[in-house]
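Here the structure comes first, spelled out in structure tokens, and everything after it is commentary.
Here, each number is a calculation from the coordinates, and none is a lab measurement. Computed from a prediction, not measured in an experiment: that's the story for all the values here. So basically every Cβ, Gly included, is an ideal-geometry build from the backbone, and we count neighbours across all protein chains shown.
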């Protein structure tokens, strides 16, 4: 997913503020669903972040066009791990792994429904 860096994404020096990389990755995860004509809020529940590890490699700057790439690392019964990388052209700027847990609308961890399993396996 392509993202343009706007003034609101940066600090006073025009460098992307560190927490905005997480926002860019969140937006890219939502777009996985939107691009497939679906909603991230599912009939059975939704995914929540449980754990993430981030590596800030290089800085993005005001006006840059970034590409967020998402791939599946691992899937368990009720959770999945994604790798998300942010690039400026061919230069990797940021990388994180995030563990998402599927919860039902009562707030309980639940098995990932078959349709969602297929959706993420296709990444």
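Worth pointing out:
- Ranking of 38, 29 by count of other Cβ atoms within 10 Å, fewest first: 38, 29
- On Cα atoms only, tilt of 18-35 relative to the major axis of the chain in degrees: 50
- Cα shape, the chain, gyration tensor, a/c 1.5 rule: prolate
- Projected label distance in nm at residue 62 and residue 34, using a 7 Å step from Cα toward the beta-carbon: 2.5
- Sorted by Cβ neighbour density within 10 Å, fewest at the top, the residues 34, 24: 34, 24
- Sorting 7, 21, 56 by the number of Cβ atoms found within 10 Å of their own Cβ, with the fewest placed first, yields 7, 56, 21.
- Put a dot 7 Å past the Cα of residue 111, heading toward its Cβ, do the same for residue 73, and the two dots end up 2.6 nm apart.
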